[in-house]
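For reference, the structure is listed below as structure tokens.
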Amino acid sequence: VQNLLTPDKNYSVEQKQALEIALCKQNIEHWLKNWVYVYEPRPKPRTIPYTEAPFQKKIIKELCSAVETGHDLRIEKSRDMRITWTVLIVFLYYWQFHGMTFLVGSRKAEEVDKMGDLDTLLPKVRFMIEKQLPFLHPKGFDLEKHSSWMNIINPESKGSIVGESNNA
């Protein structure tokens with residue numbers, strides 16, 4: 001991927017966008033630092049850029065390895081570590097740029113997907129998608145059309161992020 005700031009090149013907007021997508025696809029760290037926003041409810045509700053603590057960088061690296069090699073990964077967590085956001089970010093990255101499918105779940109359906117409730121899983125994914133510029137979305141993606149209860153579909157790859165629960 002070429003540097004977008006190369007002074008002797010006059011790239012069109014479309015070329016710059018294609019280069020940015022290629023850079024994001026090959027480098028999750030680039031995508032994280034430039035395009036990922038999360039919701040922070042405390043001390044007052046606001047949207048903030050995702051910033052990684054050292055333990056989160058390590059977890060992201062481990063999650064990426066687990067996704068790419070197909071092995072299980074156990075993560076111990078406590079409140080305020082943003083582990084749920086971190087796992088969903090990695091799933092979103094591989095769904096968005098590599099067309100993969102993921103299953104997210106909880107014991108009750110209302111903990112997985114309650115439209116607009118950022119305390120549940122799939123609304124967090126929808127939130128992150130909405131905060132990115134549309135050119136980064138999969139080709140043909142329309143949140144209204146490709147997102148339904150317990151499901152978000154990548155129309156380009158047919159990958160999905162699917163919700164599951166014990167009571168759904």
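Scanning region 20-40 for residues that are in contact (Cβ under 8 Å) with a residue 40 or more places away in the chain and part of a helix (DSSP H, G or I), which turns out most open to solvent (accessible area, probe 1.4 Å)? Let's see the steps before the verdict.
To start, the set of residues in region 20-40 that are in contact (Cβ under 8 Å) with a residue 40 or more places away in the chain comprises 20-21, 24-25, 28, 31-32, 35-39.
Applying the additional criterion that residues be part of a helix (DSSP H, G or I) yields 20-21, 24-25, 28, 31-32, 35.
Numbers: GLU20: 18, ILE21: 55, CYS24: 0, LYS25: 100, ILE28: 22, TRP31: 0, LEU32: 3, TRP35: 46 Å².
So the residue we want is LYS25.
Restricting to region 92-137, what's the tally of residues that are basic (Lys, Arg) and touching a Phe, Trp or Tyr at 6+ places or on another chain (Cβ under 7 Å)? Give the steps one after another, and end with the answer.
Of region 92-137, the ones basic (Lys, Arg) are 107-108, 114, 124, 126, 131.
Among the residues that remain, those that are also touching a Phe, Trp or Tyr at 6+ places or on another chain (Cβ under 7 Å) are: 124, 131.
The number of residues fulfilling the criteria is 2.
Here are some conditions: (1) in contact with a helix residue (DSSP H, G or I) (Cβ under 9 Å, 6 or more places away or on another chain); (2) farther than 20 Å from ILE28 by Cβ; (3) touching a residue at least 40 places away in the same chain (Cβ under 8 Å). THR84 meets all but one. Which one does it not meet?
The one condition THR84 does not meet is (2).
Could you say whether any residue in region 18-29 is of a type in the set (S, T, N, Q) and more than 13 Å from the chain's Cα centre (by Cα)? Walk me through it before giving the result.
Going residue by residue through region 18-29, those that are of a type in the set (S, T, N, Q) are 26-27.
Now narrow it down to the ones that are more than 13 Å from the chain's Cα centre (by Cα): 26-27.
Yes: region 18-29 contains one or more residues that are of a type in the set (S, T, N, Q) and more than 13 Å from the chain's Cα centre (by Cα).
Does region 86-128 hold any residues that are farther than 17 Å from ALA66 by Cβ, buried (at least 20 other Cβ atoms within 10 Å of the Cβ) and touching a strand residue (DSSP E or B) at 6+ places or on another chain (Cβ under 7 Å), and which are they?
Within region 86-128, VAL112, ASP113, LEU121, LEU122, VAL125, MET128 qualify.
Go through region 70-90 and count every residue that is over 22 Å from VAL162 (Cβ atoms) and under 18 Å from the mean Cα position of the chain (by Cα).
Residues in region 70-90 being over 22 Å from VAL162 (Cβ atoms) and under 18 Å from the mean Cα position of the chain (by Cα): 2 in total.
In region 129-149, what residues are open to solvent by less than 100 Å² (accessible area, probe 1.4 Å), under 21 Å from THR101 (Cβ atoms) and either outside any helix (DSSP H, G or I) or in contact with a Lys or Arg (Cβ under 8 Å, 6 or more places away or on another chain) (or both)?
Within region 129-149, GLN132, HIS137, PRO138, GLY140, PHE141, ASP142, LEU143, SER147, SER148 qualify.
For region 87-104, which residues satisfy the criterion of being in contact with a Ser or Thr (Cβ under 6 Å, 6 or more places away or on another chain) and either over 17 Å from CYS24 (Cα atoms) or of a type in the set (Val, Ile, Thr) (or both)? Break it down into steps so the answer makes sense when it comes.
Taking region 87-104 and keeping what is in contact with a Ser or Thr (Cβ under 6 Å, 6 or more places away or on another chain), we get 99, 101.
Matches in region 87-104: THR101 only.
Tally time: how many residues in region 41-51 are touching a residue at least 24 places away in the same chain (Cβ under 8 Å) and open to solvent by 40 Å² or more (accessible area, probe 1.4 Å)? Before the answer, list the steps.
Pass one, region 41-51, residues touching a residue at least 24 places away in the same chain (Cβ under 8 Å): 41, 47, 50.
If we keep only those that are open to solvent by 40 Å² or more (accessible area, probe 1.4 Å) too, we end up with 41, 47.
Residues flagged as touching a residue at least 24 places away in the same chain (Cβ under 8 Å) and open to solvent by 40 Å² or more (accessible area, probe 1.4 Å) within region 41-51 amount to 2.
The values are calculated or read from the model by the stated rules, or taken from the named source; none is laboratory data. Note that the coordinates shown come from a computational prediction; the quantities given were computed from them, not determined experimentally. For neighbour counting, all protein chains shown are included, and Cβ atoms are generated from backbone atoms with ideal geometry for every residue, glycine included. These accessible areas exclude ligands, DNA and RNA; they are computed on the full protein's heavy atoms, side chains included. Shrake-Rupley method; radii C 1.70, N 1.55, O 1.52, S 1.80 Å.
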